[in-house]
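S.K.: What follows is a single structure, and I will ask about it in a moment.
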Amino acid sequence: MNVELVNLRGAAREKWAAEMNSGRVRLNVTLDTSSIARGAEDTLAALRNGVAANKLAADVNITGSWGFCWMEPCVAVRSSAGTKTVLYANVTADRVEEFLDRVVVQGQDMPELALGIVEGNATAEIPLLADHPFMKGQVRRLMANLGFTDPENIDHYMANGGYEGFGKALEMDAEAIIKEMLDSGLGGRGGGGFPAGRKWDFLRSANADPRYLICNADEGDPGAWVNRVLMEGDPHLIVEGMLIAALGAKARAGYIYIRYEYPLAIDRMRKAIADAYAKGLLGENILGTGLDFDLYVFKGAGAYVCGEETGLINSIDSYRGMPRIKPPFPAQAGLWNKPTNVNNVESYANAPLIMRNGAAWWSGVSDEKEKGTKMFTFSGSVNWQGCIEIPFGPTVRTALDQYAGGMKGGKACKGFQPGGPLSGMLNGRELDLTLTLDPYRGKGMFLGSGGIVFFDDSACVIDMCKFFVAFCEDESCGRCTTCHGGSQRAVEVMRRIQAGGGREADIDNLEKLIQTLVWSNCLHGQFTMTTVKTSLKEFRDEWVEHIVDKRCRAGVCEGLIQYRVRSQTASGLEEAAAICPTGAVQQERGQWFIDDGLCIRCGACKEQSPDGLEVVPRLAATPTLAAATAAGG
Amino acid sequence: MSAEPSAQELRDLVAEFEPNKGHVMPALHKVQETYGYISRPAIEAIARQLNTTPALVYGAVSFYSDFRTHPPAQTEIAWCSGPACRLAGGDRIREAMQATLELPLGGESDDHRYGIHVGQCNGTCSEAPQVWLNGQVVGNLTVSKAIEMAREIRGGGE
C-alpha cells in the first residue's frame, strides 16, 4: 500500500491507541442535529464544566448518532480500564451533576438512564445493547463509527479502517475498481437503485475532460434524515467514497451538494475536506500518486427539485435549479456540460467498505436482489423516531414493530409513506411488504431514500395527499405546465373537497391529472401525483366519503367538521375561551357556544377542555365560503 | 441591523467570486450571511462581479426559498411543514399562530418585530410538532402553547 498512506494511518492508530489507553473515563456525547434539538449542547457544556471543575479523570468527546434520536442526548461511558462501555440516554443537562458523580466519581452504573452495555458483560439491571430490540438485526457498517469516533477528527477515522479502501483502490486500475463495484451489486441509494458501478463506468468511458463527481446530499424528502446522520456522524466515509469514485471513473473534481437546512452537516463535511487536504488526501498529486482530485461542499438554498440530478447540476453551474431535458445524460454532458456522475450520499459511503473488505463480503449480508445494508429513519405516529441500518429484506411491519417501537398509544397503523412525498402512500394492510425495491415498483410507486412515515386513524388521507401535492406544487421548478399547472389544479380540487365542496366528478378529475402529470419532464412532475394515485386505490372509501357524504372520518378537514360545546358544566371552558385565537368560544346568558363563523378549527379549546368540547360532522350542509370560491366553477 | 452598505463595500464583499465557476449561490450566501438579506444593490454587485445580468442573479434569488430580499424580522418563526409535525397537529398550530399574529404564512408585522414562514423538515421528528424560533427548535408544542408563544411574541416590546 502507498507508503505515505501507511504512515498516516499508522500515526492515526498511535493517537487513537493513546486516547483509548489513557486510563481515563471516556464520555462520548452524541452531537448531531437531532441531539442538539434535545439539548445535547447544554449536556456537553455541563459535562465539560463538571469534569474541569471537579478535576475528574475523564475525557469528554463528541460523536455521531447511535440512531436513538428520540432519546437524545445520548452519552456513552467507557471505563478507565477500557473494559466496559455503557450507553445512556436522555442525559439532559440538569442530570449531569448526578450523572458525573455516579458514573465517573463513584464508578457505578446509572441503570435508570442506561440503554445497554456496549462493551462488557450484562448486569442484573442493564442488558446488552445488542439485545435492545432497536439494535437487534441491525448490521452497522456505514454507521460503524457512530457512537465511537469524533466525526471532526480525521485520525479517529483513519485509525478505524478509514482510507484503507482508498489505499487498496490506489493499487487497482479503474477497470478493476469498477468491476469490484459491479460485483458488489451496490445500487443507487437515492431511490433509483441503478448500479453505481455502471454509472461510474459511463463516466469513465466518456470522452471529454474534465469529469466531475457530484454527491447528492440534498436530502429533501420530509421525514428522511439518513444522509444527515451519516454526514454528521462520519463525514470522511463520503470523502473516501468520492476519492475511490475519482479513481474508478477518472474524475478531476467533486461537489457535495448539501441542503442549507443541514448547517451542521455542511460544517462537518467542510472540516473533513479541509483535514483531508491537510493530510494530502485531496488536491494535486495525492499522496505522490499523481492523482489530482479537488472536492468542494456546495450549499443549497432551499429547493426540493435540486434533489433531481440535473436540477442539482443546474443549481451549481447555472442560476435556477431547473431540471434539464434528458438526453444528454449527465455522464455525457453534466456540470458545465462535462461528463458528470451523480450519486447519493449513501451510495458513495458504501464504496470504502466494498474496497476495504471486498465485494463478496459486502454483498454477503443479504439474500435479496438488493445487496448490502440500507439506512432508514422512522417518523409520524410511532413511538420511536430513530435511524437504523439493516440488510435489505425485513418487512415494513418489522420496521414498525421492532425499530419504530410500534404505533403511539397502541393504535393500528392506518397507512404509511415509504420514502418521501413522491413515493406514494400505502394502506396499513400492506405492512408485510419487504423493504426492497420491487414490491413498490409493482404498485407504480417506489421505496424511496429511506424516510418512512407511519400514520394512524387520526390522519386524514385526503389532507395528507393535499399536503404532499401542495409541497410538490411549491417545489415545482415551473418548466412544465403539466407539473406546475397540474399540481396547482390538483391542490385546488383537494382543497375544495376538504372545504365541503367535493363533486362526484372529482375522482375523475384527479385521475385525469394523474395521467397528465406523468408527461412532465423530470421525476418531480412525473411522481407528484403518486400519493393521490396510490391512495385512490388504497383508501378509496375515504375519498368517496369526503366527496359524496361530506364526511371526514379523521375529523381533520375543516369544511366537514365543526367544534361544539358538549357539556356546559365541564371544566376548562373559561380557559378555552381565553386561549381561542379568534374569540369563537363565547358565552351568552350563561350558555357556552362556538361561533362557527369565527372558528378556525385549531383545536386549542379542546386542549383546554377535553370534556367540554367535541368535534362533530359539520351540521350545515352548505359548503363553506372557501368551498364555494375555491377552484372556480 | 447594520446600515445600508455602500456599493464599494458590496463589491469588496463579492470580489473573491469569479464568472462561470458556480459562484452565484456562494456569493448570494455570503451576502445574506453578512447583511441578513440580499438587497437590490447586492444583486447588481454580484452580477457585475460574475459578468452576468442582474436579471439572472435575481432569477436565482427568487428560485430558492432561503434567499430573502428584505431583512428578517427580529423574531422569525419558521413553522415546520414536515409530515411528522403535520401528523401531530402542525397545521392546526400554523392556523392558530397565524390567527394570533394576524399574518399570512411568509408575512411579517409592519414594525418588522416578528414574522412567520415555512421551514422544511430536517429530521428532528421526535420533537414534532415543532417550530424554529430564530433557528432554535421549540418542540413538542400543543396548539395552546403555540398560541401563548405567539401572543408573547406579538405583545413583547409594546
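The values are calculated or read from the model by the stated rules, or taken from the named source; none is laboratory data. For clarity, every value in this text was computed on a predicted model and none was experimentally measured. When we count neighbours, we look across all protein chains shown, and the Cβ atoms used for this are built from the backbone with ideal geometry, even at glycine. These area figures cover heavy atoms from the full protein model, side chains too; ligands, DNA and RNA do not enter into them. Shrake-Rupley method; radii C 1.70, N 1.55, O 1.52, S 1.80 Å.
S.K.: In nm, to one decimal, how far is the A:Arg13 label point from the A:Ser458 one, both placed 7 Å along Cα→Cβ?
M.R.: 5.3 nm
S.K.: Just read off the accessible area of A:Lys414 with the full protein assembly in place, 1.4 Å probe, to the nearest 10 Å².
M.R.: A:Lys414 exposes around 30 Å² with every protein chain in place.
S.K.: Averaged over its residues, how many other protein chain Cβ atoms are within 10 Å of peptide B:112-122's Cβ atoms?
M.R.: That average works out to 3.
S.K.: A follow-up question, please. Considering amide H positions built from the backbone, and no H for Pro or chain starts, which residues 5 or more places from A:Leu115, or on another chain, come under 5 Å of its amide H?
M.R.: A:Leu87, A:Tyr88, A:Ala89
S.K.: With all protein chains present and a 1.4 Å probe, how do B:Met25, A:Met322 order by accessible area, largest first?
M.R.: Heavy-atom accessible area, descending, gives A:Met322, B:Met25.
S.K.: So, one more: Mind listing the phi-derived Karplus ³J(HN,Hα) values for the range A:69-78, rounded to whole Hz, using 6.51, -1.76 and 1.60 with θ = phi - 60°, and x for any glycine or proline?
M.R.: 4, 7, 10, 5, x, 9, 9, 9, 10, 9
S.K.: Taking only C-alpha pairs under 8 Å that are 6+ residues apart, what is the relative contact order of the range A:561-617 in percent?
M.R.: Here the relative contact order equals 53 percent.
S.K.: Each label point is 7 Å from the Cα along the Cα-to-Cβ direction; what then is the distance between the points at A:Asp596 and A:Asp432, in nm?
M.R.: About 4.5 nm separates the two model spin labels.
S.K.: A further question follows. Using the Karplus curve 6.51 cos²θ - 1.76 cosθ + 1.60 with θ = phi - 60°, what ³J(HN,Hα) values do you get for each residue of the range B:129-134, in whole Hz, with x for Gly and Pro?
M.R.: x, 9, 10, 10, 9, 6
S.K.: Rank these residues by their accessible area, most exposed first, probe 1.4 Å: A:Tyr257, A:Tyr212.
M.R.: A:Tyr212, A:Tyr257
S.K.: So, R0 is 22 Å and r is the distance between the beta-carbons of A:Glu125 and A:Met20; what FRET efficiency does that work out to, to 0.05?
M.R.: 0.25
S.K.: Still on this structure, I have one more. Find how many whole Å separate the alpha carbon centroid of the range A:7-43 from the alpha carbon centroid of the range A:337-395.
M.R.: Here the answer is 25 Å between Cα centres.
S.K.: Counting other Cβ atoms within 10 Å, which GluC sites (Glu not before Pro) in the range A:19-128 have at most 16 and lie in a DSSP loop?
M.R.: Qualifying residues, ordered by number: A:Glu125.
S.K.: Under a 1.4 angstrom probe, counting protein chains only, how are A:Lys512, A:Lys15 ranked by accessible area, largest first?
M.R.: Most to least solvent-accessible, the answer reads A:Lys512, A:Lys15.
S.K.: Continuing with this model, one more query. I'd like the antiparallel share, as a percent to the nearest 5, of DSSP beta bridges with both residues in the protein assembly as shown.
M.R.: Percent antiparallel among DSSP bridges in the protein assembly as shown is about 55.
S.K.: Same structure again: Report the extension gain between A:Leu182 and A:Lys326 in nm, rounded to one decimal, defined as 0.36 nm multiplied by the number of residues separating them, less their alpha carbon distance.
M.R.: 49.4 nm
S.K.: Give me the inter-chain shielding for A:453-459: mean count of other chain Cβ atoms within 10 Å, whole number please.
M.R.: 3
S.K.: Counting helices only, and only those DSSP H runs with n ≥ 4, report the 222 nm mean residue ellipticity of chain A as the sum of -39,500 (n - 2.57) divided by its residues, in deg cm²/dmol to the nearest 500.
M.R.: -10500 deg cm²/dmol
S.K.: Among bridges DSSP assigns within the range A:14-76, what percent are antiparallel (round to 5)?
M.R.: Bridges in the range A:14-76 are about 25 percent antiparallel.
S.K.: To the nearest Å, what is the center-to-center distance of the range A:262-282 and the range A:213-233, using C-alpha atoms only?
M.R.: 16 Å
S.K.: Under the definition of partner shielding as Cβ atoms of other protein chains within 10 Å of a residue Cβ, what is the mean value for peptide A:150-161?
M.R.: 0
S.K.: OK, next. What residues have an amide H closer than 5 Å to that of A:Gly254, excluding those fewer than 5 places away on the same chain, when H is modeled at 1.01 Å from N in the peptide plane?
M.R.: Excluding prolines and chain starts, which carry no amide H, the hits are A:Leu213, A:Asp294, A:Leu295, A:Tyr296.
S.K.: Using the Karplus curve 6.51 cos²θ - 1.76 cosθ + 1.60 with θ = phi - 60°, what ³J(HN,Hα) values do you get for each residue of the range B:49-56, in whole Hz, with x for Gly and Pro?
M.R.: With the stated coefficients, the range B:49-56 comes to 5, 8, 6, 9, 9, x, 4, 5 Hz.
S.K.: Here's a follow-up. Starting from the Cα of B:Tyr37, move 7 Å in the Cα-to-Cβ direction to define the label point; list residues of the range A:239-279 whose amide nitrogen is under 13 Å from there.
M.R.: none
S.K.: Now for a separate question. Within the range A:373-455, what percent of beta bridges assigned by DSSP are antiparallel, to the nearest 5?
M.R.: Bridges in the range A:373-455 that DSSP calls antiparallel: roughly 75 percent.
S.K.: So, R0 is 56 Å and r is the distance between the beta-carbons of A:Glu614 and A:Val139; what FRET efficiency does that work out to, to 0.05?
M.R.: For R0 = 56 Å, the calculated efficiency reads 0.70.
S.K.: Note every residue of the range B:66-91 with a reduction of at least 20 square angstrom in accessible area, all protein chains present versus the isolated chain, computed with a 1.4 Å probe, or write none.
M.R.: B:Asp66, B:Ser81, B:Pro83, B:Ala84, B:Arg86, B:Leu87
S.K.: Using alpha-carbon positions, what is the distance between the centroids of the range B:102-158 and the range A:90-133, in Å?
M.R.: 36 Å
S.K.: Further, regarding this structure: What FRET efficiency, computed as 1/(1 + (r/R0)^6) with R0 = 51 Å and r the Cβ-Cβ distance, is obtained for A:Arg553 and A:Asn337, rounded to the nearest 0.05?
M.R.: That gives a FRET efficiency of 0.45.
S.K.: Next up: Per DSSP H run of at least 4 residues, take -39500 (n - 2.57); add these up for chain B, divide by its residues and hand me the 222 nm value, nearest 500 deg cm²/dmol.
M.R.: -13000 deg cm²/dmol
S.K.: Moving on. Once you keep just the Cα pairs under 8 angstrom separated by 6 or more residues, what percentage relative contact order results for chain A?
M.R.: Here the relative contact order equals 11 percent.
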